[in-house]
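Below is one structure; the comments refer to it alone.
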Amino acid sequence: MKTKTIGLALLLSVAAGVMCFANNPTMGTWKLNESKSTFGDGAGKSTMVVWAKAGHQDKCTVDGTDAHGKKTHSVWTGKLDGKDYPITGDAQSDTRSFKMNGEKTLEMVSKKDGKTVGDGTIVVAADGKTRTVTSTMTNDKGVKVTSTLFYDKS
């Protein structure tokens, strides 16, 4: 009985570890492929995205330009559990959540003052070399616009 209990405890520990440290398919550095991308009216351009581990969390750093050509830099650190975590440097949102949906897809939701201002999906290609980000955000005019951005892994 004692052996079964220890075996079960070990199995549950390993399973919990795998779930907590599941591979994020977006890890690495991604550069915008502007020629393939489409931008909604008033949308900015996220030209460089870097996903890295930060302890037991994921960290997403985004550099680009806003709709007026001004440089932007935002940082999000959190877990891919669908819960809101603070984002810094993003004028349109103050929290963002990411959640895995299968092996190669992340769902994201951006909020400002607790209100959803955007959402989207990140889909990494099977070969892991490209990804597509489809997002809908509210622009400066209060209109929801959709952008589809293509990235190549560097």
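The values are calculated or read from the model by the stated rules, or taken from the named source; none is laboratory data. Keep in mind that what you see is a predicted model, and the values were worked out from it rather than measured. Note that each Cβ is placed from the backbone with ideal geometry, even for glycine, and that neighbours are counted across all protein chains shown. Remember, those area values only see protein heavy atoms, side chains included, never the ligands or the DNA or RNA. Shrake-Rupley method; radii C 1.70, N 1.55, O 1.52, S 1.80 Å.
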**Report entry** Label-to-label distance, nm, for residues given as D113 and Y85 (7 Å Cα→Cβ offset)
**Finding:** 2.6
Requested in this report: Could you compute the FRET efficiency for T146 and H73, with r as their C-beta to C-beta distance and R0 at 30 Å, rounded to 0.05?
Outcome: 0.80
Query raised in the report: Averaged per residue, what accessible surface does the chain expose to a 1.4 Å probe, in Å²?
Result: 61
Query raised in the report: Once the other residues with Cβ under 13 Å from the Cβ of E34 are scored (Lys, Arg +1; Asp, Glu -1), what is the net sum?
Result: +2
Report summary line: Residue-ordered couplings for segment 68-74, obtained by feeding phi - 60° into the Karplus form 6.51 cos²θ - 1.76 cosθ + 1.60 and rounding to whole Hz (Gly and Pro as x), are 9, x, 7, 5, 10, 8, 10
**Report entry** Estimated inter-spin distance, K31 and N139, nm [label 7 Å along Cα→Cβ]
**Finding:** 2.8
Report summary line: Heads up, segment 33-137 by the C-alpha gyration tensor (a ≥ b ≥ c square roots of eigenvalues; a/c under 1.5 rounded, else a/b over b/c prolate, else oblate) looks rounded
Query raised in the report: Round to a whole number: what % of the accessible area of segment 44-124 belongs to carbon and sulfur, probe 1.4 Å?
Result: 52
